[in-house]
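What follows is a set of notes on a single structure, which appears directly below.
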Amino acid sequence: MDASTLFHLHYHVPDVEYAATVLSSFGITPAARFGSVDGESVALEPDENAPRDFRLRLQTNRGGTADVTLTPAPRLAFDHFGVIVDDIAAVVERAEARDWSVTENERRTFLVTPWGFRIELQSPDSDLVSELGDATDCHFREVSLVVPVEARDQIDRAIRTVVGDVSNLRVVPVRESTPAVTGALLGGSEVETQRFDMRSLVEDADGTGDHARP
């Protein structure tokens with residue numbers, strides 16, 4: 001099976017502008033903003049002035065093949081990560097064989113894992129992937145999915161079995177009850193400040209938190 005690549009991270013953040021500034025310092029710059037005015041959808045270029053009463057729904061940020069979505073929220077939370085795979089149908093078949101939920105729309109396919117995090121699937125020739133830049137400009141060298149130590153092997157095996165060997169994803173065990181999101185490594189540097197620390201994400205059915213550390 002050909003190696004898959006993680007290209008996308010999605011966060012909910014209290015301060016989209018601040019988060020975008022941090023990402024921009026590592027080459028992941030604002031690409032577009034999406035929101036509404038009086039209930040009508042509005043899309044804006046990154047430097048375009050927002051109309052009065054504009055309510056931001058999400059902002060995309062890109063650099064090379066690194067894509068980060070930021071959505072406004074009362075507190076920091078990790079939403080999902082996205083991978084490029086050669087055969088989405090085969091991945092979906094393996095996920096459904098393990099009773100993972102699968103949701104799809106015209107642009108995205110999501111796997112809902114049993115541990116409270118989602119995985120977005122994109123094919124190499126999808127419209128979204130075609131919008132990305134050159135990996136030599138910027139990419140996610142390594143992303144760590146931080147999970148409780150007792151669940152690490154199970155989660156790692158399941159991802160490899162369903163999605164394949166994601167070349168830049170590690171499943172990292174920790175003994176803390178509340179693992180934290182820290183940052184993405186780009187060229188050996190951490191996209192990370194104290195403002196990006198997170199002490200809780202979601203709980204699975206057993207009540208143990210499973211967390212991503214992008």
| Any pair with Cβ under 7 angstrom, 6 or more apart, that starts in the range 26-42 at a residue that is farther than 12 Å from residue 60 by Cβ and among the aromatic types (Phe, Trp, Tyr) and ends at one that is at pLDDT below 95 and part of a strand (DSSP E or B) | 26/186; 26/189; 26/191
| What are the residues in the range 120-170 that are without any contact (Cβ under 8 Å) to a residue 12 or more places away in the chain and surrounded by 21 or more Cβ atoms within 10 Å (Cβ to Cβ), if any? | none
| query | Within the range 102-120, can you find the residues that are under 13 Å from the mean Cα position of the chain (by Cα) and either under 15 Å from residue 171 (Cα atoms) or hydroxyl-bearing (Ser, Thr, Tyr) (or both)? | reply | 117, 118, 119
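Tell me which residues, restricted to the range 23-34, are under 16 Å from residue 72 (Cβ atoms) and crowded, with 18+ Cβ neighbours inside 10 Å.
The first filter runs over the range 23-34 and keeps only residues under 16 Å from residue 72 (Cβ atoms), leaving 23, 30, 32-34.
23, 30, 33 - these are the residues of the range 23-34 that are under 16 Å from residue 72 (Cβ atoms) and crowded, with 18+ Cβ neighbours inside 10 Å.
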| request: Find the strands (runs of 3 or more DSSP E) located wholly in the range 48-119 whose residues include 1 or more that are surrounded by fewer than 15 Cβ atoms within 10 Å (Cβ to Cβ), small (Gly, Ala, Ser) and touching a helix residue (DSSP H, G or I) at 6+ places or on another chain (Cβ under 9 Å), and list them. | output: 101-104
| query | Residues of the range 16-47 being part of a helix (DSSP H, G or I) and either farther than 18 Å from residue 132 by Cα or touching a helix residue (DSSP H, G or I) at 6+ places or on another chain (Cβ under 6 Å) (or both), which ones? | reply | 16, 17, 18, 19, 21, 22
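Quick grid of which residues meet (1) at positive phi; (2) modelled with pLDDT of 90 or more; (3) not β-branched (Val, Ile, Thr):
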| site | (1), (2), (3) |
| --- | --- |
| 2 | no, no, yes |
| 11 | no, yes, yes |
| 14 | no, yes, yes |
| 19 | no, yes, yes |
| 25 | no, no, yes |
| 30 | no, yes, yes |
| 39 | yes, no, yes |
| 54 | no, yes, yes |
| 59 | no, yes, yes |
| request: Please give the number of the condition residue 74 fails out of (1) within 15 Å of residue 14 (Cα to Cα); (2) free of Cβ contacts under 8 Å to residues at least 60 places away in the same chain; (3) not hydrophobic (A, V, I, L, M, F, W, C). | output: (2)
| task | May I ask you to list the residues in the range 90-105 that are without any contact (Cβ under 8 Å) to a residue 60 or more places away in the chain and among the charged types (D, E, K, R)? | result | 93, 96, 99, 104
| query | What residue, among those in the range 120-158 that are of a type in the set (S, T, N, Q) and assigned to a loop (DSSP other than H, G, I, E, B), is modelled with the lowest pLDDT? | reply | 136
| query | Quick one: residue 98 ticks every box in (1) closer than 17 Å to residue 138 by Cβ; (2) modelled with pLDDT of 90 or more; (3) of a type outside the set (A, V, I, L, M) bar one, so which box is it? | reply | (1)
| message | I'm told residue 93 meets every condition in (1) touching a strand residue (DSSP E or B) at 6+ places or on another chain (Cβ under 9 Å); (2) at pLDDT 90 or above; (3) not hydrophobic (A, V, I, L, M, F, W, C) except one. Can you identify the failing condition by its number? | response | (1)
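The values are calculated or read from the model by the stated rules, or taken from the named source; none is laboratory data. Please read all numbers here as calculations on a predicted model, not as lab measurements. Cβ atoms come from the backbone with ideal geometry, glycine included; neighbour counts cover every protein chain shown.
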